[in-house]
Amino acid sequence: MTAQNESPRVPVREGLFSGPLSDLDRVTLAGSRCSSCGETSLGSKTLCANCGKETVRDIALGTRGTLWTYTVVRHRPPGNYKGPEPFAPFGLGLVELPEGVRVMAPIHCDVDKLKIGLPLRFKPYLRKDDGREVVAFAFEMEETEAANV
Ligand SMILES: [Zn+2]
């Protein structure tokens, strides 16, 4: 039986996460791997983006990654910006996961500490959007790294 009174959490994008959205500690990024060609990609898929076969299966991607490259967003993005208010500069990075998949995501740390190769950890979080709880994600510095910088 499910709790009907709670507003259900929704993912920021359908098919993006693996694990129960009710328990953020168990949420990871969803991926898919093709058993024909080995292509691994972000999100749940039914067709392989590389070879076009249907031999893909869902996998949970690793929660540790490395900062592959990044930029610092210093001006409030135009349009429907949903980040923290007031706006604060943030890192936007391409994070390489153990499976070789690179994911674009905000990096939650002091922008002056960003550097290529920085070890990062996947961090799902909740934000409110029109009264709904939306599960979004970022990456943050590993605690050991944060303590030593
Ligand atoms: Zn394939």
So if I check each of Gly19, Gly62, which one is within 18 Å of Ala105 (Cα to Cα) and either of a type in the set (Asp, Glu) or touching a residue at least 12 places away in the same chain (Cβ under 8 Å) (or both)? Gly62
If we scan the stretch 80-96, do we find a residue that is over 26 Å from Glu133 (Cα atoms), more than 16 Å from the ligand (Cβ to nearest atom) and not hydroxyl-bearing (Ser, Thr, Tyr)? yes
Among residues belonging to the stretch 72-88 that are at pLDDT 95 or above and surrounded by 12 or more Cβ atoms within 10 Å (Cβ to Cβ), point out the one that is nearest to Ile116 (Cα to Cα). Val72
For the stretch 55-67, give me each residue that is surrounded by fewer than 16 Cβ atoms within 10 Å (Cβ to Cβ) and of a type outside the set (Ser, Thr, Tyr). Arg57, Asp58, Ala60, Gly62, Arg64
Among the residues of the stretch 95-110, is any within 18 Å of the chain's Cα centre (by Cα), of a type in the set (A, V, I, L, M) and loosely packed, with under 13 Cβ neighbours inside 10 Å? yes
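The rows are residues; the columns are (1) in contact with a strand residue (DSSP E or B) (Cβ under 6 Å, 6 or more places away or on another chain); (2) touching a residue at least 12 places away in the same chain (Cβ under 8 Å).
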position	(1), (2)
Glu39	no, yes
Leu67	yes, yes
Pro78	no, no
Ala88	no, no
Ala105	yes, yes
Leu118	yes, yes
Lys123	yes, yes
Met141	no, yes
Go through the residues of the stretch 53-73 one by one and say whether even a single one is polar (S, T, N, Q), under 25 Å from Gly19 (Cα atoms) and within 16 Å of the ligand (Cβ to nearest atom). yes
Quick check: anything in the stretch 30-47 loosely packed, with under 14 Cβ neighbours inside 10 Å, more than 10 Å from the ligand (Cβ to nearest atom) and closer than 14 Å to Phe137 by Cα? no
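The values are calculated or read from the model by the stated rules, or taken from the named source; none is laboratory data. Being a predicted model, the structure only gives us computed values, none of them experimental. As a convention, Cβ positions derive from the backbone with ideal geometry for all residues, glycine included, and neighbour counts pool all protein chains shown.
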